[in-house]
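Student: This is the structure I want to talk about, given as structure tokens.
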Amino acid sequence: SFLGAQARYSKGRGAFADERSIRLSAGHRIDLSTNVVIDGEWSRGARGDDKSVRVSLVRRFGARTSARAEYDSRDDRVRLGMQSSGGYGVGAWSGVANVDVASDTYSVNASGNYVANRADVGLAHTAAYSQQSNSIVDQRTSLRVASSIAFAGGSFAVGRPISDSFAIMRPYKGGKGLSIEVEPSQGSYQARSGTLGPALYGQVGSYSPRTLTYDVPNATAGLDLGTGSIRMYAPYRSGYVVAVGSDYNVMAIGRLTLGGEPLALKVGQAIEIGGEQRRVELFTNRQGRFGISGLRPGRWRIEMNDTPPIIYELD
């Protein structure tokens, strides 16, 4: 339970009247899910004396749903309302509905919001019924769809509204059909790539270190996804492009010899023939053995640093 008191006094200058008010509040938790609060207020000012009492009863149903009943003597109004929400990221939703009963008018207000992969969607409806005319005097429905188009590093993406900086997550060139999920958690995600192109995540704050996690649920066996996270420090209103996945996931293990003798304690590099012509450093032990990771199927040329260079071909 709690009790509270508030007093206010304001001195008016010139033609402005003095203002004063007193407010008393009392609340009690009936059980673990139900609270009742009573507020009483008296005020005096330019509009004369004003007195009001408000009683609120709040009941919670689970972690994300609550109902509220309220009476305000100032407007002689009763309000019954309920709100609820569910989900995380894409697929999350929320809804609010209120019924107001005044001395001469009834009104209904309801709204709902849904988080889609490429947009935020909101639907709202209001209606007022007059007891004097026994008819609906006002009725309105509104639909809001908010989306964004982003471009960075030669890539376009469509997604939910961007607050500051953003990240475009796309499959690597050979990863057609891969679905990238950004910030996966609680059985959902914040953005996902698909038919409309790369995933767009638009909630990256500027000038603040941020780590974004990602996953590829339909990745094939052996696909190199990297660390599953990226670290960024975004400037103001900036964009990043991240290519997820790589088929450079082959390890080659072998032994190099020259004239029948092991090529011991040498340094060199493996160079891809064709493709991206990627270079991967390697070295041999005393027996000439080596291990190279980060290759992909195809032809590679091994060049050992010597005079003259010693060249091998690896298929």
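Student: With a 1.4 Å probe and every protein chain left in place, tell me how much accessible area residue 181 has, in Å² to the nearest 10.
Tutor: Answer for residue 181: close to 30 Å² accessible.
Student: Still on this model: Quick one: work out the % antiparallel among DSSP beta bridges in the chain, nearest 5.
Tutor: Details: 130 of 136 bridges.
Here the antiparallel bridges make up roughly 95 percent for the chain.
Student: Roll a 1.4 angstrom probe over the protein heavy atoms and tell me the percent of accessible area of the range 29-80 that is carbon or sulfur.
Tutor: Ligands and nucleic acids excluded, carbon and sulfur reach 52 percent.
Student: Now for a different question. With unit charges on the beta carbons (Lys and Arg positive, Asp and Glu negative) and the dipole taken about the Cα centre of the chain, which residue among 141, 230, 26 sits farthest to the positive side?
Tutor: 26
Student: A further question follows. In a shell of Cβ-Cβ distance under 15 Å around residue 93, excluding residue 93 itself, what net charge do Lys and Arg (+1) and Asp and Glu (-1) give?
Tutor: Values: positive: 64, 144, 160; negative: 120.
Result for the neighbourhood of residue 93: +2.
Student: Next up: Compute the Rg to Rh ratio over the range 1-147 from the alpha carbon atoms, using the Kirkwood formula for Rh, and round to two decimal places.
Tutor: Values: Rg = 20.2 Å, Rh = 18.6 Å.
Ratio of gyration radius to Kirkwood radius for the range 1-147: 1.08.
Student: Given the protein chains as shown and a 1.4 Å probe, how many square angstrom of residue 38 are accessible, to the nearest 10?
Tutor: Spelled out: residue 38, probe radius 1.4 Å, area about 80 Å².
Student: Still on this structure, please answer the following. Quick check: the distance between the Cα centres of the range 74-130 and the range 205-279, to the nearest angstrom?
Tutor: Distance between centres, Cα-based: 49 Å.
Student: With every protein chain in place, what's the accessible area of residue 236 (1.4 Å probe, Å², nearest 10)?
Tutor: 140
Student: Using Stokes-Einstein with the Kirkwood hydrodynamic radius over Cα pairs, what translational diffusion coefficient do you get for the range 119-228 at 37 °C and a viscosity of 0.692 mPa s, in µm²/s rounded to a whole number?
Tutor: On the way: Rh = 16.8 Å.
Result for D is 195 µm²/s.
Student: For the range 183-315, build the convex hull from the C-alpha positions and give me its volume per residue in Å³. Show your work: numbers first, answer last.
Tutor: Numbers: hull volume 24.1 nm³, N = 133.
Per-residue hull volume (Cα only) is 181 Å³.
Student: Translational diffusion coefficient of the range 198-275 at 4 °C, 1.567 mPa s, Stokes-Einstein with Kirkwood Rh over Cα pairs, in µm²/s as a whole number. Don't jump to the answer; show the numbers that get you there.
Tutor: Details: Rh = 16.9 Å.
Result for D is 77 µm²/s.
Student: For residue 31, what charge total do you get from the other residues with a beta carbon under 15 Å from its beta carbon, if Lys and Arg give +1 and Asp and Glu give -1?
Tutor: Numbers: positive: 29, 59, 60; negative: none.
That works out to +3.
Student: For the chain, how big is Rg over Rh, using alpha carbon atoms and the Kirkwood form of Rh? Mind dumping the intermediate values first?
Tutor: On the way: Rg = 33.4 Å, Rh = 26.5 Å.
That ratio is 1.26, to two decimals.
Student: For the range 1-82, what is the accessible area per residue in Å², given a 1.4 Å probe and the full set of protein chains?
Tutor: Values: 6100 Å² over 82 residues.
About 74 Å² of surface per residue is accessible.
Student: Then there's this: Rg and Dmax of the range 94-170, Cα atoms, in Å?
Tutor: For the range 94-170, the Cα-based Rg and Dmax read 19.5, 63 Å.
Student: Cα atoms only: what Rg and Dmax, in Å, come out for the range 158-223?
Tutor: 12.4, 37
Student: Please list 169, 251 in order of solvent-accessible area, largest first, computed with a 1.4 Å probe with all protein chains present.
Tutor: Working: 169 0, 251 125 Å².
Final ranking, largest accessible area leading: 251, 169.
Student: Before anything else, pin down the relative contact order of the chain: Cα pairs under 8 Å, at least 6 apart, normalised by residue count, whole percent. If you can, show how the numbers build up before the last one.
Tutor: On the way: 777 pairs, mean separation 25.7, N = 315.
The normalised contact order for the chain reaches 8 percent.
Student: When the Cα centres of the range 2-43 and the range 162-199 are compared, how far apart do they sit, in Å?
Tutor: Using only Cα atoms, the two centres lie 50 Å from each other.
Student: OK, next. Please report, to two decimal places, log10 I(q)/I(0) for the range 137-191 at q = 0.16, 0.28 Å⁻¹ as given by the Debye formula with identical point scatterers on the Cα atoms and no solvent.
Tutor: These q points yield log10 I(q)/I(0) values of -0.66, -1.27.
Student: When you take every Cα atom in the range 1-86, what is the radius of gyration, and what is Dmax, the widest Cα pair distance, in Å?
Tutor: 17.0, 54
Student: Related question: Taking only protein heavy atoms into account and a 1.4 Å probe, give the accessible area per residue of the range 216-315 in Å².
Tutor: Dividing the accessible area of the range 216-315 by its residue count gives 62 Å².
The values are calculated or read from the model by the stated rules, or taken from the named source; none is laboratory data. Everything numeric in this text was worked out from a predicted model, so none of it was measured. Quick reminder, even Gly has a Cβ in these numbers, built from the backbone with ideal geometry, and neighbours come from all protein chains shown. Quick note on the areas: whole protein, heavy atoms, side chains included, nothing else; ligands and nucleic acids left out. Shrake-Rupley method; radii C 1.70, N 1.55, O 1.52, S 1.80 Å.
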